[in-house]
Amino acid sequence: MTPTYEVTAGRPNALGAQWDGEGTNFALFSDHAHRVTLCLFDTDGRETHQIDLPERSGAVWHGYVPRLSPGQLYGYRVDGPYAPDRGHRFNANKLLLDPYTRDFHGPFKHDPACFGYVWGEGDQSFDTRDSAPFVPKSVVSHPDWLPQDARTLNRDWEDAFIYEAHVKGTTIQHPMIAEDKRGTYDAMASDAMLEHLTTLGVTAVELLPVQAFNPEGALQDRGLTNYWGYNTIGFFVPEPKYLGPSGARGFRAMVDRFHAAGIEVILDVVYNHTAESDHYGPTLSFRGIDNASYYRLLDGQPRYYVNDTGTGNTLNVSHPFVLRLILDSMRYWVTTFGMDGFRFDLATTLAREPSGFDRHGGFLDALRQDPVLSNVKLIAEPWDIGPGGYRLGGFPPEFAEWNDRYRDTIRRFWRGDARAAQDLGGALLGTADLFDTRGRRAWSSVNFAAAHDGFTTADVTAYEQRHNEANGEDNRDGHHDNFSDNFGVEGETDDPDIREARRRRVRNLLATVFLSQGTPMLLAGDEGGNTQGGNNNAYCQDNETAWLDWEVMDGNLIAFTAALAAFRHAHPTLRQSRFLHGAERSDGRRDVEWQAFDGGALNWRDPGLSSLCILLRGSAESATGDTSTDTILLALNREDADQELHLPDIAPRRWQQEIDTSRDKQGATMIDEKTVTVPRCSLAAFVATEAT
């Protein structure tokens, strides 16, 4: 017998569905709605009840349903004006996800009924079909299922080594992971993965989006999907496709296992737009709840969306309830799952106020003062496609930033571009010209040779052109300027000389990342020479193109990468918190010095400058007066010939070479002469050691 429910006023302060042991309180924000109806479903997807929320407090509609228990499936139908020209797109025929739900039941199905308008008749038409059979249902959760008692590691930024990984792509083909766990959260922190990551010396795993997302309809029409996950629709829900045998608890268990191994977990989050796309997109949640509040609409043309993100819509972070949603979501991931930090996709969008980008805008200020969120790592992707969107170096001191200028600089230098050495000088020192302001620290620059978006590091050495034909966009998508080099052959080759030249270039790029001031980041698979076959925009390739093939990973390169990380960890001079500018220390030595290979001064005006040396010591600005004797010499020889390097005099100490990118295996070699040969196209690192 179907139960009957009486509804009382309830409370407006706790948004979402909150069970108190006797019943469930429902609260939903909608400033422009005329009526909000709570719809209940059985486990077969049949709609059993429609209950109008009886009260409205300000912009929050709410009601309390006694005896309604955790596990109940529900959704909303929200009535109001359907007036696209005025920015309103209410359609009570569409079942809407609760923005605060902690769980989804059932999949999304790409169907015309999910659209507020009649498909094919334009977005100003009105569709009367019920979308409930084609969308997931929200779920009333039990507070004890996932208690909010998680802890974070709070590792020092100076020690950070970030590993950017996709949950499925990193684990789906790993032969040492049980088949029923591959591609899941359980697999990500499996024994095999933990052994690999700890061997590498990783201190933080940065996961590509794992908040529930829905692929774009255009991709589904082409038989593709959104593999990367930058199309969020559930800000509190772990993506169901990655759930393993342990369900959502598997996500928490994954984080706990990482933490036990000393590895932090950072989430790549997409709070700049949603999966509802532009005015031709589906009505799944926010659009049908209150389109004019949740999204930024064009001034004078509110039928259309501001598209600073390039995805069709832009969340209106300036609205207090949208800002509240994002902050509530972030706190939930920290307190429930133990997230150690967040990387903000298109962070410029989040910092853009009506007057433009503002480093003191509401979102950034809210993060900086929040008692929970101000204590975790914050990383900005400092650009979007909106006006004034490129803001590298422009975020507050609490943020680190992805440094794409660094990526391009090191690629250009090792490729042999003119004037690239001058830019490399700044890159090696943490891009201080942009980041050394307002008390920012050297870790602010997140340095990388490759990331998920673009060529892998191996492909940077094998392809001059992108090869994205499989994406179905006539190879027009993806970066055009990759600063890559194929060594005369596009793609794979059996030529042993080309293969060795490519491997050396990869080693040079990786070594440069680990030996630079700032925070090193490694794209998963780059440590083993992973290739995507020249696809530099594999966002829709949920297949072998984007998955790591562990069977062909280069073990020598993995060992080389681990040696780089160990070398960096052993030498604080390579991971200083303060920027180096050649200032004189209390011992009379400078914190950084440059020289040519012959021991003389560098000619920075030479456009063909291709080889340089940098001598690194502890910062002159150390608050403790540190005059560390941890001295490092880096010698970068881009010439296609061996060069003699005149070593600086450090008597009574001696130089010991520990890094040589001309070979796979690394080891310490004591130098007894005043000169040493640096092989062609290679990087060498030396350490000052005590004479014996």
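The values are calculated or read from the model by the stated rules, or taken from the named source; none is laboratory data. These numbers were taken from a predicted model, which means no experiment stands behind them. Using ideal geometry, Cβ is built from the backbone for each residue, glycine included, and neighbour counts are taken over all protein chains shown. All accessible areas refer to the heavy atoms of the entire protein, side chains included, with ligands and DNA or RNA removed. Shrake-Rupley method; radii C 1.70, N 1.55, O 1.52, S 1.80 Å.
Residue by residue, what Karplus-based ³J(HN,Hα) values in Hz, rounded to whole numbers, does region 631-642 have, using 6.51, -1.76 and 1.60 with θ = phi - 60° and x for Gly and Pro?
The phi angles translate into 10, 10, 10, 10, 10, 10, 10, 8, 5, 8, 7, 4 Hz.
Farthest toward the dipole's positive end in the chain, which of 410, 224, 74, given Cβ charges of +1 (Lys, Arg) and -1 (Asp, Glu) about the Cα centre?
Highest projection toward the positive end goes to 74.
Measuring from the lowest to the highest alpha carbon on each principal axis, how far does region 157-222 reach, largest first, in angstroms?
Computed over the Cα atoms, the extents are 43, 32, 17 Å.
With only alpha-carbon pairs counted, each pair once and no self-pairs, how large is the Kirkwood hydrodynamic radius of region 547-610 in angstroms? Can you show the working numbers first?
Values: mean 1/r = 0.0630 Å⁻¹.
Over region 547-610, the inverse of the mean reciprocal pair distance is 15.9 Å.
Could you work out the Kirkwood radius for region 435-567, taking every pair of different alpha carbons, averaging 1/r and inverting it, reported in Å?
On the way: mean 1/r = 0.0636 Å⁻¹.
Answer for region 435-567: a Kirkwood hydrodynamic radius of 15.7 Å.
With all protein chains present and a 1.4 Å probe, how do 571, 32 order by accessible area, largest first? Present the calculation step by step, with values, prior to reporting the outcome.
Details: 571 20, 32 65 Å².
Listed by decreasing accessible area, they come as 32, 571.
Provide the per-residue ³J(HN,Hα) series for region 113-128, in order, calculated from phi with Karplus coefficients 6.51, -1.76, 1.60 and θ = phi - 60°, each as a whole number of Hz, with x at glycine and proline positions.
Per residue, the Karplus-derived 3J(HN,Hα) values read 5, 7, 9, x, 10, 6, 4, x, 10, x, 6, 8, 7, 10, 9, 9 Hz.
Test of understanding: what is the full-extension gain from residue 109 to residue 490, defined as 0.36 nm times their sequence separation minus their Cα-Cα distance?
Working: separation 381, 0.36 × 381 = 137.16 nm, distance 4.01 nm.
Using 0.36 nm per residue and subtracting the Cα-Cα distance, I get 133.2 nm.
To the nearest 10 Å², what's residue 610's accessible area with a 1.4 Å probe?
10
What FRET efficiency comes out for the pair residue 480/residue 668, r = Cβ-Cβ distance, R0 = 56 Å, nearest 0.05?
Details: r = 43 Å, r/R0 = 0.77.
After rounding, the FRET efficiency stands at 0.85.
Based on the Cβ-Cβ distance from residue 437 to residue 173, what FRET efficiency comes out when R0 is 51 Å, to the nearest 0.05? Numbers along the way, then the final one.
Working: r = 44 Å, r/R0 = 0.87.
The computed FRET efficiency comes out at 0.70.
Using C-alpha positions alone, give me the convex hull volume of region 425-479 per residue in cubic angstrom. List each step's numbers first, then the result.
On the way: hull volume 6.8 nm³, N = 55.
About 123 Å³ per residue, rounded to a whole number.
Taking the alpha-carbon set of region 324-406, what are its Rg and Dmax in Å?
12.6, 37
Assuming R0 = 51 Å, what is the FRET efficiency of residue 198 and residue 644, from their Cβ-Cβ distance, to the nearest 0.05?
On the way: r = 39 Å, r/R0 = 0.77.
So, using R0 = 51 Å, E works out to roughly 0.85.
Taking the Cα-to-Cβ direction at residue 34 and at residue 11 and moving 7 Å from each Cα, how far apart do the two end points lie in nm?
3.2
Once amide H atoms are placed 1.01 Å from N in the peptide plane, what residues at a sequence separation of 5 or more from residue 416, or on another chain, have their amide H within under 5 Å of its amide H?
none
In region 278-325, if the dipole is taken from +1 on Lys/Arg beta carbons and -1 on Asp/Glu beta carbons about the Cα centre, which of 307, 279, 325 is farthest to the positive end?
325
Take the alpha carbon gyration tensor of region 297-449, find the square roots of its eigenvalues, order them as a ≥ b ≥ c, and report rounded if a/c is under 1.5; if not, report prolate when a/b exceeds b/c, else oblate. Don't skip to the answer; put the middle values down first.
Numbers: a/c = 2.25, a/b = 1.42, b/c = 1.58.
Cα axes put region 297-449 in the oblate bin.
Just the number: Rg to Rh for region 65-195, Cα atoms, Kirkwood Rh, two decimals.
Ratio of gyration radius to Kirkwood radius: 1.12.
How tilted is helix 320-337 with respect to the longest principal axis of the chain? Cα atoms for both, answer in degrees (0 to 90, nearest 10).
70
Carbon-plus-sulfur fraction of the accessible area of region 1-83, 1.4 Å probe, in percent?
Details: 1740 of 3800 Å².
Whole-percent figure for carbon plus sulfur exposure: 46.
Whole number in Å², please: accessible area per residue of the chain, 1.4 Å probe, ligands, DNA and RNA not counted. Please report the intermediate quantities before stating the final value.
Details: 25870 Å² over 692 residues.
About 37 Å² of surface per residue is accessible.
If you line up the long axis of helix 249-260 against the longest principal axis of the chain, both from Cα atoms, how many degrees apart are they, to the nearest 10?
On a 0 to 90 degree scale, this one is about 20.
Could you state how much accessible area residue 294 has, in square angstrom rounded to the nearest 10, with a 1.4 Å probe and all protein chains kept in place?
10
Whenever you get a sec, compute what percent of the accessible area on region 367-506 sits on carbon and sulfur atoms (1.4 Å probe).
Carbon-and-sulfur percentage of accessible area, whole number: 46.
For region 5-12, in order, what is each residue's ³J(HN,Hα) by Karplus, 6.51 cos²θ - 1.76 cosθ + 1.60 with θ = phi - 60°, in whole Hz (x at glycine and Pro)?
The phi angles translate into 10, 9, 10, 10, 4, x, 10, x Hz.
For region 182-324, with all protein chains present and a 1.4 Å probe, just round the carbon and sulfur fraction of the accessible area to a whole percent.
Values: 1970 of 4040 Å².
Answer for region 182-324: carbon and sulfur cover 49 percent of the accessible area.
Under unit Cβ charges (Lys, Arg +1; Asp, Glu -1), what dipole magnitude, rounded to 20 debye, does the chain have relative to its Cα centre? Before the final figure, lay out the partial values.
On the way: 66 positive and 100 negative charges, 260 e Å.
In debye, rounded to 20, the chain gives about 1240.
Using only Cα atoms and rounding to the nearest 10 degrees, what angle (0 to 90) does helix 404-415 make with the longest principal axis of the chain?
With rounding to tens, the tilt is 40 degrees.
Please state the charge dipole magnitude for region 1-47, taken about the Cα centre, from unit charges on C-beta atoms (+1 on K and R, -1 on D and E), reported in debye and rounded to the nearest 20. Don't skip to the end; give the middle numbers.
Numbers: 3 positive and 7 negative charges, 34 e Å.
So the magnitude is around 160 debye.
Give the label of the value calculated from the structure for Cα Rg over 2.2 N^0.38 Å, choosing from (i) 1.13; (ii) 1.03; (iii) 1.08.
Read-out taken from this structure: (ii).
Can you list, largest first and rounded to whole Å, the semi-axes you get for region 292-369 by taking the square root of 5 times each eigenvalue of its Cα gyration tensor?
On the way: eigenvalues 116, 36, 27 Å².
Taking √(5λ) for each Cα gyration eigenvalue gives 24, 13, 12 Å.
Points 7 angstrom from Cα along the Cβ direction at residue 583 and residue 148: gap in nanometres?
4.2
When the C-alpha atoms of region 528-646 are aligned to their principal axes, what extent does each axis show, in angstrom, from largest down?
57, 38, 26
Just by accessible area at a 1.4 angstrom probe, what is the order of 306, 489 from largest to smallest? Walk me through the intermediate numbers first.
Values: 306 20, 489 45 Å².
My answer, sorted largest first, is 489, 306.
Using a 7 Å offset from the Cα along the Cα-to-Cβ direction at both residue 385 and residue 86, what is the distance between the two label points in nm, to one decimal?
Computed distance between label sites residue 385 and residue 86 equals 3.2 nm.
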